[in-house]
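Working notes, beginning with the structure itself.
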Amino acid sequence: MSGKPPVLVLGNGVTALGVIRALGAAGIQSYVLGSEDAISRRSRWYVPAPEKPEGFTMRDLSGYLADGPLDSAVLLPCSDSAAMAVADLPPELRRRFPASVTPAGSLEILTDKGSFSAFLTRESIPHPWTMVLRTTDDIALAPPTVFADAFLKPCDSQAFFKRYGRKGQRVQDADAAVRQMAEFAQTGFQMVLQEYIPGPPDHHYFVDGFVDREGNVRALFARRRLRMYPPSFGNSSLMVSVPLNEAAGAIESVERIVSRLKYRGIFSAEFKRDPRDGLFKILEVNARAWWYVEFAVRCGVDVCRMAYRDALEEPVDGIDTYAVGVPCVYPYYDYFACRELRAAGELSVLEWARSWIGSLQPVFRWSDPLPALSSSLQILAGDHRRRSPLPQPTRVAAKPDLT
């Protein structure tokens, strides 16, 4: 890669860690531009962006690129705000700092819950019923029957999970929805009311991949959730890679979405198979790198390298196969998931141990052990909630899973 521009990784935490590891393994120099965290900055591959302004946020990206020390770099966003900041860059900066990202208009559709629901309805793509809530008065407009299976979902899932340790809140009736929405509004979160898709964690599927600048889907990677924490509104804590034909219905929806939106770049789409009709119903699309991006890379789907080559307008070879049946566990979250399953008599110690032994992990690697060691020491010191970028899970009663 000598003579080629480096990558400016926009973000932090587990996602940025996975990206810089993937780039490092491919021999691509990277710099990290984001808030300081105890995970990615302990990696052997971590190099901070030069002359990063104090208090930097993605709103400052354009100014940093225009006046900063880098002449050129490929941009690789690791958050929704970073993806939008890149998409909104003026043409002169995009020429110096290329990126394989989707157009701003398409990105707005994917990140705005109301726009996304309207788009899915127009395209007849299976999805849960969704209603955008501008004020608490809007809740009165919802059909009363929806509250039999409904929950409040944040428009900004990343920020909400970081604050509350979960990705939504069940509501039993309109009054409960009003109270909960008012509480969340005090902390600056806009919410939507969404239908609950029933079923256990292993009804969740993810289709990750990459689309090049000409609209060609160059890679697809399917994985199935096995456990999650918190059990109702959490993230995956244990998963396994599966063959594409196991998620054929989900892949059909992904291909329609990327075609209609003229999508470009890395993506991760989440689905839940509805046991009532057997359909894969799409829940959201991350138009960027995601928590488990290194899992895809280690299974043979290197979307980070694809994004680098595509940004530089180099040929991007397609990937037709990957390792299937590979498990991945996030021990920190899965510990809490397993503890609750043990208490309910649904998991034995032997089953717990077997699910961890030999599984890949998003933070720990023998070849790069310091990120896991650093975060573990913080937990043991009782300082995890205040300083670690990993949120302390909020303890909730065990309920059917939901994203």
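How many residues are in a strand (DSSP E or B) and surrounded by 24 or more Cβ atoms within 10 Å (Cβ to Cβ) when one looks only at region 226-237?
5
Pick out, from region 282-381, the helices (runs of 4 or more DSSP H) lying fully within it that include 1 or more residues that are without any contact (Cβ under 8 Å) to a residue 40 or more places away in the chain.
303-311, 331-343, 349-356, 370-380
Say whether the condition of being among the hydroxyl-bearing types (Ser, Thr, Tyr), outside any loop (DSSP other than H, G, I, E, B) and surrounded by fewer than 14 Cβ atoms within 10 Å (Cβ to Cβ) is met by at least one residue in region 259-273.
Looking through region 259-273, at least one residue is among the hydroxyl-bearing types (Ser, Thr, Tyr), outside any loop (DSSP other than H, G, I, E, B) and surrounded by fewer than 14 Cβ atoms within 10 Å (Cβ to Cβ).
Tell me, yes or no, whether region 176-185 has at least one residue that is buried (at least 17 other Cβ atoms within 10 Å of the Cβ) and within 18 Å of Lys281 (Cβ to Cβ).
no
Taking Glu340, is it farther than 22 Å from Ala222 by Cβ and surrounded by fewer than 14 Cβ atoms within 10 Å (Cβ to Cβ)?
No.
If I filter region 191-213 for residues that are over 21 Å from Asn235 (Cα atoms) and free of Cβ contacts under 8 Å to residues at least 24 places away in the same chain, do I get at least one hit?
No, every residue in region 191-213 fails to be over 21 Å from Asn235 (Cα atoms) and free of Cβ contacts under 8 Å to residues at least 24 places away in the same chain.
Quick test for you: out of Glu270, Glu246, pick the one residue that is out of contact with any strand residue (DSSP E or B) (no Cβ under 6 Å at 6 or more places or on another chain) and either in the same structural domain as Ile319 (by TED's automatic domain parsing) or over 21 Å from Ser157 (Cβ atoms) (or both).
Every option except Glu246 fails the conditions.
Here is a list of conditions, (1) surrounded by fewer than 21 Cβ atoms within 10 Å (Cβ to Cβ); (2) modelled with pLDDT of 95 or more; (3) under 20 Å from Glu270 (Cβ atoms), and Asn216 meets all of them except one; can you say which number that is?
So Asn216 meets the others, but not (3).
Which count do you get for residues in region 150-179 that are in a helix (DSSP H, G or I), at pLDDT below 90 and acidic (Asp, Glu)?
0
Identify the single condition in (1) out of contact with any Lys or Arg (no Cβ under 8 Å at 6 or more places or on another chain); (2) crowded, with 20+ Cβ neighbours inside 10 Å; (3) within 29 Å of Val7 (Cβ to Cβ) that Glu294 does not satisfy, given that it satisfies every other one.
Result: Glu294 passes all but (1).
Of a type in the set (A, V, I, L, M, F, W, C), closer than 20 Å to Phe97 by Cβ and surrounded by fewer than 19 Cβ atoms within 10 Å (Cβ to Cβ): is that true of Val47 in this structure?
In short, yes.
Is it the case that region 15-30 has a residue that's surrounded by fewer than 19 Cβ atoms within 10 Å (Cβ to Cβ) and modelled with pLDDT under 95?
Checked against the condition, which is being surrounded by fewer than 19 Cβ atoms within 10 Å (Cβ to Cβ) and modelled with pLDDT under 95, region 15-30 yields no hits at all.
The values are calculated or read from the model by the stated rules, or taken from the named source; none is laboratory data. Quantities reported herein were computed from a predicted structural model and do not represent experimental measurements. Because the Cβ atoms are built from the backbone with ideal geometry, glycine has one as well, and the counts that use them run over all protein chains shown.
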